Amino acid sequence: QQKVQQSPESLIVPEGGMASLNCTSSDRNVDYFWWYRQHSGKSPKMLMSIFSNGEKEEGRFTVHLNKASLHTSLHIRDSQPSDSALYLCAARGNTGNYKYVFGAGTRLKVIA
Amino acid sequence: EAAVTQSPRNKVTVTGGNVTLSCRQTNSHNYMYWYRQDTGHGLRLIHYSYGAGNLQIGDVPDGYKATRTTQEDFFLLLELASPSQTSLYFCASRDDQDTQYFGPGTRLLVL
């Protein structure tokens, strides 16, 4: 079973709308989370990271982290067709071995 | 931005064949990673390394060997390829801010 679960598997939002993506780890040793974005036919690129409880905002993108529930969410406001991509959540423990576990991803489609 | 290159970009082999995938990064990052990407599974870690001569086992290592010959070069070896190893393979390196930089990927088909 995937240790990092992402939901939904796919999401369609209208241009200008809000997209909300979720990610939860079942491994209690996880301490750090990342969101990567992968456009079709391309390699993943880091979008945002979050290591502390709370919220972090960068432009149209906001991530939340609740360490007690090991849950992070990514919110994209004013979604654009160029945001259409596979969004991957990654997690790492605090044991110092720098090993990352990725979720299966959420495929976002923004329609004009 | 960190540069990671992979070769070949596409490879076709037969069952039982021998395949070597190459990865090079030019940013002096210590950590390098090999992942496979399959629909429904996201990225799964095969092997990783924190420096020349070092190898760490990932989550799906069966059927794969890896070797880190230099700071820059990390190789993934499939000595008896099987159809289940048909996949998209990514190499990545990690910087000190814990960001991974991915190469363009190698698409492998095992017939």
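Summed over the stretch A:54-111, the residues that are at pLDDT 95 or above, more than 13 Å from A:Trp34 (Cα to Cα) and β-branched (Val, Ile, Thr) give a count of 4. Scanning the stretch A:56-99 for residues that are touching a Pro at 6+ places or on another chain (Cβ under 9 Å) and over 29 Å from B:Met32 (Cα atoms) yields a count of 1. Hey, A:Asn97 hits all of (1) within 10 Å of another protein chain (Cβ to nearest Cβ); (2) on the phi < 0 side of the Ramachandran plot; (3) touching a residue at least 60 places away in the same chain (Cβ under 8 Å) but one; which does it fall short on? Condition (3) is where A:Asn97 drops out.
When the stretch B:1-21 is filtered for residues that are on the phi < 0 side of the Ramachandran plot, modelled with pLDDT of 95 or more and open to solvent by 30 Å² or more (accessible area, probe 1.4 Å), the ones remaining, listed by number, are B:Thr5, B:Ser7, B:Pro8, B:Arg9, B:Asn10, B:Lys11, B:Val12, B:Val14, B:Thr15, B:Asn18, B:Thr20. Inspection of the stretch A:41-50 identifies at least one residue that is among the polar types (S, T, N, Q) and closer than 18 Å to B:Tyr33 by Cα.
Taken together, B:Tyr48, B:Tyr101, B:Tyr64, B:Tyr89 contain a single residue that is hydroxyl-bearing (Ser, Thr, Tyr), over 26 Å from A:Arg37 (Cβ atoms), in contact (Cβ under 8 Å) with a residue 12 or more places away in the chain and touching a strand residue (DSSP E or B) at 6+ places or on another chain (Cβ under 7 Å), which is B:Tyr64. Return the total of residues in the stretch B:38-50 being more than 8 Å from every other protein chain (Cβ to nearest Cβ) and either open to solvent by 10 Å² or more (accessible area, probe 1.4 Å) or hydroxyl-bearing (Ser, Thr, Tyr) (or both). Adding up the residues that qualify gives 3. Please verify whether B:Arg68 is modelled with pLDDT of 95 or more, within 19 Å of B:Ala3 (Cβ to Cβ) and open to solvent by less than 30 Å² (accessible area, probe 1.4 Å), treating the condition exactly as stated. Taking the combined requirement at face value, the residue satisfies it. All conditions in (1) more than 14 Å from the chain's Cα centre (by Cα); (2) facing another protein chain (nearest Cβ under 8 Å); (3) on the phi > 0 side of the Ramachandran plot hold for B:Gly105, with the sole exception of (1).
The values are calculated or read from the model by the stated rules, or taken from the named source; none is laboratory data. Just so it is clear, the structure is predicted and the values come from calculations on it, not from any experiment. Glycine also receives a Cβ, built like all others from the backbone with ideal geometry; neighbour counts cover every protein chain displayed. The protein model used for the area step is the full one, side chains on, heavy atoms only, and it has no ligands, DNA or RNA in it. Shrake-Rupley method; radii C 1.70, N 1.55, O 1.52, S 1.80 Å.
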